[in-house]
Amino acid sequence: ETGVTQSPTHLIKTRGQQVTLRCSSQSGHNTVSWYQQALGQGPQFIFQYYREEENGRGNFPPRFSGLQFPNYSSELNVNALELDDSALYLCASSFVGGRAADTQYFGPGTRLTVL
Amino acid sequence: AQSVAQPEDQVNVAEGNPLTVKCTYSVSGNPYLFWYVQYPNRGLQFLLKYITGDNLVKGSYGFEAEFNKSQTSFHLKKPSALVSDSALYFCAVSLISGGYNKLIFGAGTRLAVHP
């Protein structure tokens, strides 16, 4: 098991609501990345945070936003939820962002269901 | 476009037999390649990675992977499969863009090991 934790484990929301997911990085890691894994698909990169700044984003709309705190924990916020946002959301931490060789260690994920 | 392909949705193998899970990639420049495993209702666990050097990479739980530059492949292997190896396996390539790195995943291959 990695030292990456996520909360909550499961969440059910209705369309149009807002949600906040939380992630605690592995000790010593200062970079957090978030991924969305729809059912039957591989994870898709949402964005990455390094030293409390977003330093990269995938093909996701602005209603997906995030924060990283001084202790390197992180939040993913999604506004105006849509049915297609139903997925497993994965947080991954790594030692330093911006290096292709760095291993990203994943948490157990948060299963979001939008009704 | 830079991508990863896993041509098999599912691989079936008898316990004790060797297993291979296939992965091909399409990237510009030197590839940084990873294998992750996902058990039901769990996050992704890191198995191994190829950065440079020896084409045969050894990883966790007896898994290894062979990098073949001419065939742009990075197949996952294990000499003797266990029933407990049954899971979903993802191949990924790590890409640098600006100041961040992201993982691009294949669609995944479900491995079923039968007693």
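The values are calculated or read from the model by the stated rules, or taken from the named source; none is laboratory data. Computed from a prediction, not measured in an experiment: that's the story for all the values here. All Cβ positions, glycine included, derive from the backbone under ideal geometry; neighbour counts span all protein chains shown. To get the accessible areas, we keep the full protein, side chains included, count just its heavy atoms, and leave off ligands, DNA and RNA. Shrake-Rupley method; radii C 1.70, N 1.55, O 1.52, S 1.80 Å.
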If you check every pair at least six apart or on different chains, which have Cβ atoms under 7 Å apart with a residue in the range B:83-100 that is within 22 Å of B:E8 (Cβ to Cβ) first and a residue that is surrounded by fewer than 20 Cβ atoms within 10 Å (Cβ to Cβ) and hydrophobic (A, V, I, L, M, F, W, C) second? B:S86/B:A112; B:V93/B:V27
Here the residues within the range A:25-60 that are crowded, with 20+ Cβ neighbours inside 10 Å and under 17 Å from A:R111 (Cα atoms) are A:S33, A:W34, A:Y35, A:Q36, A:Q37, A:G42, A:P43, A:F45, A:I46
If we keep just the residues of the range A:76-115 that are open to solvent by 40 Å² or more (accessible area, probe 1.4 Å) and part of a strand (DSSP E or B), which is nearest to A:F45 (Cα to Cα)? A:Y105
Among the strands (runs of 3 or more DSSP E) confined wholly to the range B:58-115, which include 2 or more residues that are touching a Gly at 6+ places or on another chain (Cβ under 9 Å), surrounded by 13 or more Cβ atoms within 10 Å (Cβ to Cβ) and within 14 Å of chain A (Cβ to nearest Cβ)? B:87-97, B:100-105
Before we move on, is B:K22 without any contact (Cβ under 8 Å) to a residue 24 or more places away in the chain and either under 10 Å from the mean Cα position of the chain (by Cα) or surrounded by fewer than 16 Cβ atoms within 10 Å (Cβ to Cβ) (or both)? no
In the range A:57-65, is there at least one residue being within 14 Å of another protein chain (Cβ to nearest Cβ) and touching a residue at least 40 places away in the same chain (Cβ under 8 Å)? no
Could you count how many residues in the range A:24-74 are over 30 Å from B:P7 (Cβ atoms) and assigned to a loop (DSSP other than H, G, I, E, B)? 16
